[in-house]
Amino acid sequence: MSMEKKLSIKDLDLKGKKVLIRVDFNVPMEEDKITDDTRMRAALPTIRYALDQGAAVILMSHLGRPEGTPDPRYSLAPCGQRLSELLSKPILMARDCMGPEVQKMASQLKAGEVLLLENLRFHKGEEKPREEPGFASALAQLGNVYVDDAFGCAHRSHASITTIAQFFPGKAAAGFLLEKEIEFLGRTLTNPQRPFIAILGGAKVSTKFKIIEALMRKADVLLIGGAMANTFFKAEGYEIGDSLYEKDFIPVAKDILDVGNQSRCRIVLPVDVSAAKKVDSNSEKKVFSISQGVPGGFQALDIGPETVLKYAKELEKAATVFWNGPLGVFEHPPFDKGTKDIALILAQLPCKTIVGGGDSVAAIEEAGVADRMTHLSTGGGAALEFLEMGTLPGIEALSNAQNSKLNVNK
């Protein structure tokens, strides 16, 4: 892979240093309660390593979309509480992420202590660095070295991810989680063991057509599911009843299928669907074959049993599988069946399996087979963009690895 090897947290001398770590604590919440702390637990190895090396740790993250103004609904305080439980130690919580009070807390922070800054997106400079040019430098002043461990945000050119790295020449490093993602996605997907099969689900062709094009250049077979398949059915002239589809993207779907016919990558569409009159667990479920079409009043909500068998036959031949996006309306059983069936099939195969994206990862976890996948990527959008571009802005911003144990007196 052409990408320069990036500096690792292991290359830095952290003893007595203040380490500024960008983590991804953008966790799902309901009424101030964290419903899933997977992303927080994923950052623990990096945080613990820095503490073990004798560093003071300053953590920064965003949560939700507060649109550049403070909003108590998006406070990271519950994350501070949860982190304290996970690390079994008190966590200092700042009321902001910059300003005199935060600077004072950071300067007084001792080795072995952890300070969590308040939500970065309470300032518009995080998402729009040009509009608040002093924001990244204010963050940078808090630490001696910078570590990025937020792969889920690595495709965004935000202040805490790309701009900040410029203030740490030769000492902006990748944390363990980011390194693992670069390793798996870079090594496994840039030059995959073949046959390489990609499974792509989700609702819209519009948000995925660039990645479909990228996968058609890389994969041997592309299996399509989710509501996105409906736009392809429409492009092929099949009746889809009241199913969700994107009218404006029918020409794009036609082009993709035309190119697919001439490329090395075979595109495989579902042969049947599970449909109902409305998205409701109590609604009567019927299976229709695509060649006969879906009648009016019904909408396709999941891949059907014949499709599961067909996809299983394809997957049995795979050496590498990449999966992004659910294959049905996963959050409303029984329309999670197709997605779960494929998860269970993948769990039994000897191939390398990489799953990217929140919904697909949730499906794998609900099916109870997370430990049988080679790698669960913490970022869906980031994983897709990495596949498409071969790198990401947040990775490019880090220092290249040259000498280990760099001198980082700032």
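The values are calculated or read from the model by the stated rules, or taken from the named source; none is laboratory data. Every value quoted in this text rests on a predicted model; they were computed, and no experiment measured them. Positions of Cβ are generated from backbone atoms using ideal geometry, with glycine treated the same way; all protein chains shown enter the neighbour counts.
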For this session: Please indicate, with yes or no, whether at least one residue in segment 368-379 is under 30 Å from P169 (Cβ atoms) and outside any strand (DSSP E or B).
Result: yes
For this session: Give the residues of segment 15-27 that are farther than 26 Å from G357 by Cβ and in contact with a strand residue (DSSP E or B) (Cβ under 7 Å, 6 or more places away or on another chain), sorted by residue number.
Result: K17, K18, V19, L20
Exercise. Within segment 61-71, can one find any residue that is closer than 17 Å to I164 by Cα, in the same structural domain as A154 (by TED's automatic domain parsing) and out of contact with any Pro (no Cβ under 7 Å at 6 or more places or on another chain)?
Worked result: yes
For this session: Considering every residue within segment 258-269, establish whether at least one is touching an Asp or Glu at 6+ places or on another chain (Cβ under 8 Å) and in a strand (DSSP E or B).
Result: yes
Exercise. If you go through segment 321-357, how many residues are at pLDDT below 95 and either assigned to a strand (DSSP E or B) or under 11 Å from A198 (Cβ atoms) (or both)?
Worked result: 9
Exercise. Within segment 160-181, is there a residue that is assigned to a loop (DSSP other than H, G, I, E, B), touching a Gly at 6+ places or on another chain (Cβ under 9 Å) and of a type in the set (A, V, I, L, M)?
Worked result: yes
Seminar exercise, completed: Taking first residues from segment 268-292 that are more than 29 Å from E314 (Cα to Cα) and second residues anywhere that are hydroxyl-bearing (S, T, Y) and surrounded by 14 or more Cβ atoms within 10 Å (Cβ to Cβ), the pairs with Cβ under 9 Å that are 6 or more apart or on different chains are K277/S283
For this session: Tell me which of these S206 doesn't satisfy, since it passes every other one: (1) touching a residue at least 24 places away in the same chain (Cβ under 8 Å); (2) outside any loop (DSSP other than H, G, I, E, B).
Result: (2)
For this session: Please work out which residue is farthest from the chain's Cα centre (by Cα), limiting yourself to segment 1-57 and to residues that are within 21 Å of A159 (Cβ to Cβ) and among the polar types (S, T, N, Q).
Result: T46
Seminar exercise, completed: Conditions (1) crowded, with 18+ Cβ neighbours inside 10 Å; (2) closer than 26 Å to G357 by Cβ -> A140 fails only (2)
Problem set entry | Cβ pairs under 6 Å, 6+ apart, first in segment 386-403 and crowded, with 16+ Cβ neighbours inside 10 Å, second among the polar types (S, T, N, Q) and not in a helix (DSSP H, G or I) | P393/S157; P393/T162; A397/T162
For this session: Report, by residue number, each residue of segment 272-301 that is surrounded by fewer than 16 Cβ atoms within 10 Å (Cβ to Cβ) and within 19 Å of G325 (Cβ to Cβ).
Result: V279
Exercise. Is one or more of the residues making up segment 174-194 touching a strand residue (DSSP E or B) at 6+ places or on another chain (Cβ under 6 Å) and within 22 Å of D302 (Cβ to Cβ)?
Worked result: no
Exercise. Filter segment 1-36 for residues that are part of a strand (DSSP E or B) and charged (D, E, K, R); which is modelled with the lowest pLDDT?
Worked result: E30
Seminar exercise, completed: Those residues of segment 131-157 which are touching a residue at least 60 places away in the same chain (Cβ under 8 Å) and hydroxyl-bearing (S, T, Y) amount to Y146, S157
Seminar exercise, completed: Scanning segment 10-35 residue by residue, the ones that are crowded, with 24+ Cβ neighbours inside 10 Å and of a type in the set (V, I, T) total 3
Seminar exercise, completed: Reported set for segment 188-216 where residues are over 16 Å from G357 (Cα atoms) and among the hydroxyl-bearing types (S, T, Y) is T188, T190, S206
Problem set entry | helices (runs of 4 or more DSSP H) wholly inside segment 69-130 containing at least 3 residues that are free of Cβ contacts under 8 Å to residues at least 40 places away in the same chain and surrounded by fewer than 21 Cβ atoms within 10 Å (Cβ to Cβ) | 77-87, 100-108
Exercise. Looking at K210, K234, K247, which is the one that is among the basic types (K, R), over 22 Å from K313 (Cα atoms) and crowded, with 18+ Cβ neighbours inside 10 Å?
Worked result: K234
Exercise. Can you tell me which residue in segment 32-46 is farthest from F176 (Cα to Cα), limited to those that are touching a Leu at 6+ places or on another chain (Cβ under 8 Å) and not small (G, A, S)?
Worked result: D37
